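Notes follow the structure.
The values are calculated or read from the model by the stated rules, or taken from the named source; none is laboratory data. On a predicted model such as this, the values are computed, not experimentally measured, just so you know. So basically every Cβ, Gly included, is an ideal-geometry build from the backbone, and we count neighbours across all protein chains shown. Heavy atoms of the whole protein, side chains included, go into the accessibility calculation; ligands, DNA and RNA do not. Shrake-Rupley method; radii C 1.70, N 1.55, O 1.52, S 1.80 Å.
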Amino acid sequence: MRASESRWELGRSRPVQKEVDESEGKPEGESKPEGKSDRPIVPLKGSNAPGGKGTTNQRVYEGTMGNPQRLPTMSPKLVRIAEKAKREPNTVFTSLAHLMDTEHLMEAWVRIRKDGATGVDGMTAGVYGEKLEENLQALHERLRKGSYRAPLVRRAKIPKEDGSFRELGIPTLEDKIVQKAVAMILEAIYEKDFRECSYGFRPGHSAHEALEVLRKAILFGKVNWVLDADISRFFDEMDHRKLMEIVRRRVNDGRIVRLIGKWLKAVVMTEAGIQPRERGTPQGGVISPILANIFLHHVLDEWMEDVVYGRMSGECRYIRYADDFLILFQKEADARRVLAVLPKRLGKFGLRLNEGKTKLIRFGRFAKEKESRQNRKPETFDFLGFTHYCGMSGHGKFQVMRQTQRKRFQKAVTRVVEWVKSNRYLPRKEQHRHLCRVLRGHYQYYGVTGNLRRIKGFFYRVTRAWCQWLRRRSQRHTLSWERFTEYLKRYPLPIPCLPKSYVHAVANP
């Protein structure tokens, strides 16, 4: 376990920030290099661009994820900004807009998703990429003159697990490029400020890293209580004024701040018409994750590590992934104190604690023994798609067990069934290729030790759905299970596996 993971002591509060002019993003005395960057960037056009011609849109399923440990490379300018941010944590950057040149916009274009839904203008990556250099030069000119306007945001509703809807904001393709360009600058600065307790939407950090830190903290630490907290409608209730005040403490460039303000205030197009937005940031926007991390870094991360840790009588641990966070306690009295003051802390920044989803439970190596005295089972909690419960190893030692959250499992199965039903007339080879991709993505995320039963269950449900809808391709012929197994020999599906398996470490009680 890293030293930063075992830090329980009270940290020092940071001194008042000092404003400086970082016009070049380099140390003093170093001049700005002339000419082009050392790192060549090849423009992507037409079918060469990801998501361009010849690329089909693919739905992202639960559990599909890339390699979070592969850190994206930064341009030399951003590297100097990042080094300055690390070397001078109190510096306020007042001149950053000059970094958003055509080369920087090209890098932003490479990094954005090309197969996402289109905005209100209907522009696709394939069409935009046909004249990529001209379009980016025109975009840079508008940004330089200050004539760029945030376009309308198309709103889409996605059903949630509890029956409600999550409202997603879908910006235009060009707006995604500009948002990504600004997000890359903010990321270079704030990655040096973010604490180790934050794992969501950060390069080099992943959900599995947060889950492993959680497992080790409960397994080896003095954890007896878990506070499973939930912020009510965080992305919809984020206070614009508070957010801008927090951003200006570190980034006070006029053009960058105005761009962020335009995106926060961007008008939303819904089925009922055009609606202004006074609070929140749209989920689905490229800039939203970094803004959420900046906001919660000040609201929760700094407060927990610099204030709360030092006032606890026992051990305490805090883990956050985006707006989902857990607080682990050794003593119940400490947990009750934090639970009582947490709504007040969130209320100062216009946020509310969802009392219906927030719970304090007894959890840890002694929970099972103490709950059994009262003829009760230890409670469970959900975090990042997994249900965590107290279990025992084959040697009779305590283990933190995890299995796929029931609602996530049903949602993943429903999506596969709907896809097979809608595409039952596709060639079997294309169906097989898609189902293999879905299964591998599911195994990659949910394939952890102790979850093999749910992994096998998902494989079985996918296999049954494929067989069922292959039978419906024709009204004359029936596809028996024996005949379908012959198809599986020709088109085998990935067998259930646990890519994130680990050897259980024994914790002596």
For residue 147, indicate whether it is under 30 Å from residue 96 (Cα atoms), under 24 Å from the mean Cα position of the chain (by Cα) and of a type in the set (Ser, Thr, Tyr).
no
Only one residue in 61, 128 is open to solvent by less than 60 Å² (accessible area, probe 1.4 Å), at pLDDT 90 or above and hydroxyl-bearing (Ser, Thr, Tyr), so which one is that?
128
Give just the number: which of (1) in contact with a strand residue (DSSP E or B) (Cβ under 8 Å, 6 or more places away or on another chain); (2) within 30 Å of residue 258 (Cβ to Cβ); (3) surrounded by 20 or more Cβ atoms within 10 Å (Cβ to Cβ) does residue 177 not satisfy?
(1)
Does any residue in the stretch 354-381 that is farther than 21 Å from residue 331 by Cβ come within less than 6 Å, Cβ to Cβ, of a residue that is open to solvent by 60 Å² or more (accessible area, probe 1.4 Å) six or more places away or on a different chain, and which pairs are these?
380/389
Does at least one position in the stretch 132-143 carry a residue that is open to solvent by less than 60 Å² (accessible area, probe 1.4 Å) and under 26 Å from the mean Cα position of the chain (by Cα)?
no
Can you pull out every residue in the stretch 268-314 that is open to solvent by 50 Å² or more (accessible area, probe 1.4 Å) and not in a helix (DSSP H, G or I)?
269, 271, 272, 274, 275, 276, 278, 279, 284, 313
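I'd like to verify a number: residues in the stretch 387-401 that are part of a loop (DSSP other than H, G, I, E, B) and open to solvent by less than 80 Å² (accessible area, probe 1.4 Å), how many?
Filtering the stretch 387-401 for residues part of a loop (DSSP other than H, G, I, E, B) gives 393-397.
If we keep only those that are open to solvent by less than 80 Å² (accessible area, probe 1.4 Å) too, we end up with 393, 396-397.
Qualifying residue count for the region: 3.
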Which is open to solvent by less than 50 Å² (accessible area, probe 1.4 Å), charged (D, E, K, R) and within 30 Å of residue 194 (Cα to Cα), of 166, 80?
80
Given the conditions (1) farther than 20 Å from residue 328 by Cβ; (2) at pLDDT below 95; (3) over 20 Å from the mean Cα position of the chain (by Cα), and given that residue 434 satisfies all but one, which numbered condition is not satisfied?
(2)
Within the stretch 402-436, the count of residues that are open to solvent by 30 Å² or more (accessible area, probe 1.4 Å) and within 18 Å of residue 454 (Cα to Cα) comes to 9
Open to solvent by 50 Å² or more (accessible area, probe 1.4 Å), under 25 Å from the mean Cα position of the chain (by Cα) and closer than 21 Å to residue 361 by Cβ: is that true of residue 440 in this structure?
no
From the list 229, 183, 150, which one is closer than 28 Å to residue 334 by Cα, touching a helix residue (DSSP H, G or I) at 6+ places or on another chain (Cβ under 8 Å) and among the hydrophobic types (A, V, I, L, M, F, W, C)?
229
Would you check if residue 120 is open to solvent by less than 40 Å² (accessible area, probe 1.4 Å) and touching a residue at least 60 places away in the same chain (Cβ under 8 Å)?
no
Consider residue 365 carefully, then state whether it is among the charged types (D, E, K, R), assigned to a loop (DSSP other than H, G, I, E, B) and open to solvent by 40 Å² or more (accessible area, probe 1.4 Å).
yes
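How many residues are open to solvent by less than 10 Å² (accessible area, probe 1.4 Å) and among the aliphatic types (A, V, I, L, M) if we restrict to the stretch 232-247?
Taking the stretch 232-247 and keeping what is open to solvent by less than 10 Å² (accessible area, probe 1.4 Å), we get 234, 238, 243, 247.
Checking which are among the aliphatic types (A, V, I, L, M) leaves us with 238, 243, 247.
Qualifying residue count, the stretch 232-247: 3.
Residues checked against (1) under 29 Å from residue 370 (Cα atoms); (2) among the aliphatic types (A, V, I, L, M):
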residue	(1), (2)
408	no, no
415	no, no
436	no, no
451	yes, no
464	no, no
468	no, no
472	no, no
483	no, no
488	no, yes
Within the stretch 233-246, take every residue that is outside any loop (DSSP other than H, G, I, E, B) and under 20 Å from the mean Cα position of the chain (by Cα) and give me the one that is nearest to residue 144 (Cα to Cα).
243
Considering residues of the stretch 84-125 that are within 25 Å of the chain's Cα centre (by Cα) and among the charged types (D, E, K, R) only, the residue modelled with the lowest pLDDT:
115
So residue 119 fits all but one of (1) in a loop (DSSP other than H, G, I, E, B); (2) touching a His at 6+ places or on another chain (Cβ under 8 Å); what number is the exception?
(2)
For the stretch 445-474, how many residues are within 25 Å of residue 424 (Cα to Cα), in contact (Cβ under 8 Å) with a residue 24 or more places away in the chain, of a type outside the set (Gly, Ala, Ser) and open to solvent by less than 20 Å² (accessible area, probe 1.4 Å)?
6
Condition check for residue 215: basic (Lys, Arg), at negative phi, open to solvent by less than 30 Å² (accessible area, probe 1.4 Å) and outside any loop (DSSP other than H, G, I, E, B):
yes
Looking at 192, 262, which is the one that is surrounded by fewer than 18 Cβ atoms within 10 Å (Cβ to Cβ), modelled with pLDDT under 95 and assigned to a helix (DSSP H, G or I)?
262
